[in-house]
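Enquirer: Sharing a structure here in structure tokens format.
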Amino acid sequence: MGNNINSIMLKKTIFEIPKMDCPSEEQLIRFAFSKTNDAIHFEFNLKERTLTIYHKGEAQSFLELLLPLKLGSKILETSPVEANELSKIKSTSHVDESKTLKILLFINAFMFFSEIIFGWIAESTALIADSIDMLADATVYGLSLYAVGASIKKQKRAAKVSGYLQAILALGVLMECIRRFIIGSEPEPAYMMVVAFVALIANLSCMVLLAKHRHGGVHMKASWIFSTNDVIANIGVIIAGILVSIFDSRMPDLIIGSLIAMIVLFGALKILKISNEAAK
């Protein structure tokens, strides 16, 4: 494989993609490029909203694949690539990334079971919703782990299963929020705040583990972003617990629970959209 790459004249093209602001767009782009065999290596930069592709053939062919996605893509520059440059880039240790992802998967899976159990005991839809957010992250880490060396086809299949699972769970939590709004509930604020605080510590620990990888491959960047968003969700549950305690009302719990469930549902729909776009 290495000899084949070295024998081909490679190019490096940098694209500006203004509307690429989350891992879903990254995966959508990857799936769009699965229609060609000319792409050798990708480097996504969400902060700068740029994509660098090491490829064979002409850059215009990749732009034509990007345009239907309506992300505002355009070519910034194209230049030839030395054979050893790509070899250095691809020499990143997959073993180190895999170890980190396994730890993250364990943390999120453990917190999913913990939050859903205590959420049910505490009658807190916010905690239950946060638990499925943890499950969504566990699937992201699992997919990221699976993606280390996996084919695009396998990634698409796994992503679709993940999308359906997250959508079903999110809809279930939304229905539970409606049920509790109608028949009533008595969320326990102490449970809410303590468990959400533990989840916050867990997500901060994930961010620490991901810190050295956040500028690496696309899957590690995606994991960093998901953990950052989870910290916000955890803080939201803590605030809901405080408001439940102050106002002696279930409404803050139901509102935060519904919001988190809707965020998970939106993410699941984007994953399914990605899978469908890739199949076209």
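Enquirer: Arranged by the count of other C-beta atoms within 10 angstrom, fewest first, what order do Glu26, Glu58 take?
Expert: Details: Glu26 22, Glu58 13.
With the sparsest Cβ surroundings first, the list reads Glu58, Glu26.
Enquirer: Related question: Set the bar at 29 Å for Cα to Cα. Now go through Lys56/Lys99; Lys74/Lys270; Lys70/Lys99; Lys11/Lys270 and name every pair that lies beyond it.
Expert: On the way: Lys56/Lys99 32 Å; Lys74/Lys270 23 Å; Lys70/Lys99 36 Å; Lys11/Lys270 31 Å.
Distance filter (> 29 Å) returns Lys56/Lys99; Lys70/Lys99; Lys11/Lys270.
Enquirer: Measure off 7 Å from each Cα along the Cα-to-Cβ vector at Ser34 and Met251, then give the distance between these two points in nanometres to one decimal.
Expert: 4.6 nm
Enquirer: Quote to one decimal, in nm, the extra length available between Lys74 and Leu204 on full extension: 0.36 nm per residue of separation minus the C-alpha distance between them.
Expert: Working: separation 130, 0.36 × 130 = 46.80 nm, distance 3.59 nm.
Between Lys74 and Leu204, full extension yields an extra 43.2 nm.
Enquirer: List the aspartates and glutamates whose Cα lies under 13 Å from the Cα of Lys35, skipping any in the same chain that are fewer than 8 positions away.
Expert: In chain and number order, the partners are Glu64, Glu277.
Enquirer: OK, next. Less than 14 Å apart at the alpha-carbon level, and either on another chain or at least 8 residues along: which aspartates and glutamates does that give for Lys12?
Expert: Counting by Cα, and skipping residues close in sequence, Lys12 has these aspartates and glutamates nearby: Asp38, Glu43, Glu58, Glu77, Glu82, Glu85.
Enquirer: Okay, moving on. What number comes out for the charge environment of Glu16, summing +1 per Lys or Arg and -1 per Asp or Glu over other residues with Cβ under 14 Å away? Working shown, then result.
Expert: Values: positive: Lys19, Lys47, Arg49, Lys74; negative: Asp21, Glu25, Glu43, Glu48, Glu77.
Neighbourhood net charge equals -1.
Coordinate-derived values only; no laboratory data. What you see is a predicted model, and the numbers here were worked out from it, not measured in a lab. Note that we place each Cβ from the backbone using ideal geometry, even for glycine, and neighbour counts take in every protein chain shown.
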